[in-house]
1. Does the range A:48-94 hold any residues that are surrounded by fewer than 14 Cβ atoms within 10 Å (Cβ to Cβ), aliphatic (A, V, I, L, M) and under 24 Å from residue B:103 (Cβ atoms), and which are they?
2. State which residue is surrounded by the most Cβ atoms within 10 Å (Cβ to Cβ) when the search covers only the range B:95-133 and only residues that are of a type in the set (Asp, Glu) and more than 21 Å from residue A:60 (Cα to Cα).
3. Would you confirm, using the coordinates I've provided, whether residue B:114 is part of a strand (DSSP E or B), away from chain A (no Cβ under 14 Å) and in contact (Cβ under 8 Å) with a residue 12 or more places away in the chain?
4. Look at the range B:36-56 and say how many of its residues are at negative phi, part of a loop (DSSP other than H, G, I, E, B) and at pLDDT below 95.
5. Does the range B:16-30 include one or more residues that are farther than 20 Å from residue A:68 by Cα, within 14 Å of another protein chain (Cβ to nearest Cβ), surrounded by fewer than 21 Cβ atoms within 10 Å (Cβ to Cβ) and at pLDDT below 95?
6. Being within 11 Å of another protein chain (Cβ to nearest Cβ), buried (at least 19 other Cβ atoms within 10 Å of the Cβ) and either under 21 Å from residue A:98 (Cβ atoms) or polar (S, T, N, Q) (or both), is that true of even one residue in the range B:140-147?
7. Condition first: in a loop (DSSP other than H, G, I, E, B), touching a residue at least 12 places away in the same chain (Cβ under 8 Å) and of a type in the set (D, E, K, R). Now tell me which residues in the range B:57-106 satisfy that.
8. Please enumerate the residues belonging to the range B:92-110 that are within 29 Å of residue B:2 (Cα to Cα) and at the interface with chain A (Cβ under 7 Å from one of its Cβ atoms).
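The values are calculated or read from the model by the stated rules, or taken from the named source; none is laboratory data. All values reported here derive from a predicted model rather than from experimental measurement. A quick note on method: Cβ atoms are made from the backbone with ideal geometry, for glycine too, and the neighbour counts reach across all protein chains shown.
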2 protein chains.
Amino acid sequence: MTAFDRIALGETRELGAHLFTANEITRFAAAYDPQPFHLDEEAGAQSLFGGLCASGWHTAAVMMRAFVDFIGRETELAKRRGEVPLRYGVSPGFDDLKWLKPVYPGDTITFTGEVTAKRRSKSRPGWGILTLATRGTNQKGEPVFAVTSHLFVATEEGAQGAFTDRD
Amino acid sequence: MTAFDRIALGETRELGAHLFTANEITRFAAAYDPQPFHLDEEAGAQSLFGGLCASGWHTAAVMMRAFVDFIGRETELAKRRGEVPLRYGVSPGFDDLKWLKPVYPGDTITFTGEVTAKRRSKSRPGWGILTLATRGTNQKGEPVFAVTSHLFVATEEGAQGAFTDRD
């Protein structure tokens, strides 16, 4: 049974959790999203968000970090079990990126991924496409972030993957 | 005529251009996407990308920065013309995020936005939703990045906007 065959449809995994700090929020915003409510507590308090909050692209980037760390841990675990780890290729894209509530300093966001689809690629022998409903939830249990992630994964151990374009 | 009324369907605007450096690419990746081909030239050369390249989320974040700067310039220009500037609210989400080619150090990516839809919100009086086909193109004219952006914009000058959830 390959790593691709072992992926269970409907399975939800915790990818990781991250505590957002004011310093990290403002540093990201200064570089990539310098809107007042992402830069300054006072400006945030006067905005519709009611306080300093993270750029939505910051939350998305932290989700990616959680996912990369998750893959690293899963790869190690598979090796320890004597299995060939699931091998990831590029992403053919992400859909339905949504910021459902603001992320404030002190919030801990837990990211999860649910396997909603897996299929073999029609044009890339040895590769498949995995679809994950990826979600971020704050410490109150409120959904704050959602995106549908599509990822190339190897279906055969020796799959060659010198591609960067879409399926 | 309001700023919302002045938005022309089909209009494409240049949002801005950005030169990606190796230092910026590896700094973003170390924080948010620590995969070897985003961190190290040698690892990039041995990867399917053929060289160090930017995290897709880095490219997306740089697009956001270009967009924020564009809005700042547009707001200033409107004021100088004696017009009320278009006022932006939160985003109800982004769709179809795609990384079409790698972004390498030394690449200059030009971001554009084409207005593909505008409509009045059914549930938010005084607000509308603008849809932009947002694209990134490298110095060779190759598309490298695409996303469909949805943005709340005020349709009336005095619109109140204390909302963060979706339409």
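1. Once the filter is applied, which keeps residues that are surrounded by fewer than 14 Cβ atoms within 10 Å (Cβ to Cβ), aliphatic (A, V, I, L, M) and under 24 Å from residue B:103 (Cβ atoms), the range A:48-94 yields nothing.
2. Top of the filtered list is B:107.
3. Working: part of a strand (DSSP E or B): yes; away from chain A (no Cβ under 14 Å): yes; in contact (Cβ under 8 Å) with a residue 12 or more places away in the chain: yes.
It is true that residue B:114 is part of a strand (DSSP E or B), away from chain A (no Cβ under 14 Å) and in contact (Cβ under 8 Å) with a residue 12 or more places away in the chain.
4. Summing the residues that are at negative phi, part of a loop (DSSP other than H, G, I, E, B) and at pLDDT below 95 in the range B:36-56 gives 4.
5. no
6. Yes: one or more hits.
7. B:83, B:87, B:101
8. B:93, B:94, B:95
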